[in-house]
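Right, one structure below, let's go through it.
No lab work stands behind these numbers, since they all come straight from the coordinates. The model shown is predicted, which means the values in this text are computed figures rather than measured ones. Here Cβ is always computed from backbone atoms with ideal geometry, including for glycine, and neighbour counts include all displayed protein chains.
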Amino acid sequence: MSSRHTLPTDSQRARPPGAWAAVARWFDSQAGAEGPAAGMAPGDVPAAGLSDADRIDWARAVPFVLLHLGCFAVLWVGVSPVAVAVALLMYALRMFALTGFYHRYFSHRTFRTSRAAQFVFAVLGASCAQRGPLWWAAHHRHHHRHADTERDLHAPSRVGFWRSHMGWFLTSRAFATDLKRVPDLRGYAELRWLDRYDVAVPAALGALLYGLGALLARVAPQLGTDGPQMLVWGFFISTVVLFHATVTINSLAHRYGRRRYDTRDDSRNNAWLALLTFGEGWHNNHHFYPGSARQGFRAHEIDITWYGLRLLAACGLIWDLKPVPAWVLAKAKE
Ligand SMILES: [Zn+2]
Ligand SMILES: [Zn+2]
């Protein structure tokens with residue numbers, strides 16, 4: 001058998017875990033993995049046909065299913081204006097964290113910041129329940145490298161709508177983090193911890209929201225909320241809507257919209273998706289030039305994340321926001 005220091009082959013890494021390992025990985029995403037390369041994903045393996053590694057691993061996916069089922073608890077906990085307001089606020093804050101930090105900072109390094117702020121950004125991103133910062137950035141870099149080819153795990157033209165929207169990341173191939181793709185990030189122990197124990201921050205957020213609801217029930221009973229209601233609206237519903245909005249960029253923004261640039265992929269600019277995802281819908285712009293902190297390249301292209309990043313820069317929390325170069329603007333077809 002392989003020693004601890006032998007790198008597993010790609011096919012070994014992609015093999016689905018046993019049922020027990022799958023359950024353990026709900027809490028420790030590297031449980032049952034061996035050796036220094038534990039948790040590395042076979043991102044480079046051409047997806048020729050549907051192998052075991054490309055099937056949905058339902059045992060591992062239970063937390064994702066429960067997240068959706070939790071929304072139905074609204075039938076028991078009811079609704080109040082304050083619970084809906086908190087759900088909207090949690091959506092907005094976390095959409096900004098995803099696009100500003102997980103995407104434009106960790107995946108593309110389009111601005112700089114301090115190590116302390118980087119950690120806070122990673123925690124905010126992790127609260128979205130879309131895995132850890134290293135996993136997210138590694139998969140996203142892989143997407144840019146292979147967008148809409150047979151190696152892209154979520155190319156809608158190749159795998160269809162549902163798989164590009166959500167099926168892809170429920171497979172054994174996609175569950176692990178490919179540390180080879182994040183050499184600039186993997187040296188930070190705090191980021192590796194968040195990546196390994198990716199359920200910790202979402203669980204803490206759920207507990208906080210429950211506590212907020214319970215507190216309001218005590219000090220402001222006229223608001224009509226309580227712990228369970230705040231948990232369902234602020235965490236479950238908000239997180240599920242946030243998730244499905246995020247992944248429209250994989251499933252819809254590679255299908256519907258305009259192509260300002262002749263990129264090698266099928267990416268589109270879509271104003272509706274840009275509103276929903278705080279600027280990510282300018283996806284054709286972004287695929288043509290991913291190195292800019294701004295994705296709405298023109299003044300009328302609403303890019304809420306860009307406005308937020310400028311605000312953070314004005315406060316001195318981030319700096320060196322990379323602009324859109326003039327040659328990029330000059331290459332636009334329309
Ligand atoms: Zn894309
Ligand atoms: Zn990107």
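What is the spread of the Cα atoms of the chain along each of their three principal axes, largest first, in whole Å?
57, 57, 38
Once the Cβ-Cβ distance between residue 24 and residue 67 is put in as r, and R0 is 22 Å, what FRET efficiency do you end up with, to the nearest 0.05?
Result of the calculation: an efficiency of 0.75.
Skipping prolines and chain starts, which residues have an amide H placed within reach, meaning under 5 Å, of the one on residue 282, given they are 5 or more residues away or on another chain?
Counting only residues 5 or more places away or on other chains, the set is 270.
Please give the charge dipole size of the chain, origin at the Cα centre, charges +1 on K and R Cβ atoms and -1 on D and E Cβ atoms. Round to the nearest 20 debye.
600
When only C-alpha pairs under 8 Å and at least 6 residues apart count, what is the relative contact order of the range 58-256, in percent?
Taking the mean separation of contacting Cα pairs over the length of the range 58-256, I get 33 percent.
Can you give the relative contact order of the chain as a percent, counting alpha carbon pairs under 8 Å and 6+ residues apart?
21
Is there a quick way to get the dipole size of the range 58-256? I mean about its Cα centre, with the Cβ of Lys and Arg at +1 and of Asp and Glu at -1; what is the value in debye to the nearest 20?
620
How about the range 212-296: which trypsin sites (Lys or Arg not before Pro) there lie in a loop by DSSP and see at most 11 other Cβ atoms within 10 Å?
264
Per DSSP H run of n ≥ 4, the term is -39500 (n - 2.57); total these for the chain, divide by its residue number, and report the mean residue ellipticity at 222 nm rounded to 500 deg cm²/dmol.
It comes out at -12500 deg cm²/dmol, rounded to the nearest 500.
For the range 211-334, what is the convex hull volume of its Cα atoms per residue in Å³?
Residue-normalised Cα hull volume stands at 143 Å³.
Within the P(r) computed for the range 153-220, what percentage of the Cα pairs occupies the region above 14 Å?
It works out to 74 percent of all Cα pairs.
Would you work out which of 188, 219, 157 lies farthest towards the positive end of the dipole of the range 146-302, given +1 charges on the beta-carbon of Lys and Arg and -1 on that of Asp and Glu, about the Cα centre?
Most positive-ward Cα: 157.
Under the Kirkwood approximation applied to all pairs of distinct alpha-carbon atoms, what is the hydrodynamic radius of the range 111-186 in Å?
Its Kirkwood hydrodynamic radius stands at 13.6 Å.
Calculate one ³J(HN,Hα) per residue across the range 83-95 by plugging θ = phi - 60° into the Karplus curve 6.51 cos²θ - 1.76 cosθ + 1.60, and present them in order as whole Hz with x for glycine and proline.
5, 5, 4, 5, 4, 5, 4, 5, 5, 5, 4, 7, 5
In nm, to one decimal, how far is the modelled label at residue 93 from the one at residue 307, with both set 7 Å along Cα→Cβ?
Using points 7 Å along Cα→Cβ, the separation is 2.0 nm.
Taking the Cα centre of each part, how many Å lie between the range 163-222 and the range 103-130?
13
Search the structure for amide H atoms under 5 Å from the amide H of residue 171, placed 1.01 Å from N in the peptide plane, and list their residues when 5 or more places away or on another chain.
Distant-sequence amide H within range of residue 171: 57.
Rounded to a whole number, what is D in µm²/s for the range 61-197 from Stokes-Einstein with the Kirkwood radius over alpha-carbon pairs (4 °C, 1.567 mPa s)?
Here the translational diffusion coefficient equals 79 µm²/s.
Using a Gaussian network model of the chain with C-alpha springs under 10 Å, which one of 61, 116, 174 is most mobile by mean-square fluctuation?
116
Taking other Cβ within 10 Å of each residue's Cβ, how do 312, 89 sort, fewest first?
So the ranking, lowest neighbour count to highest, is 89, 312.
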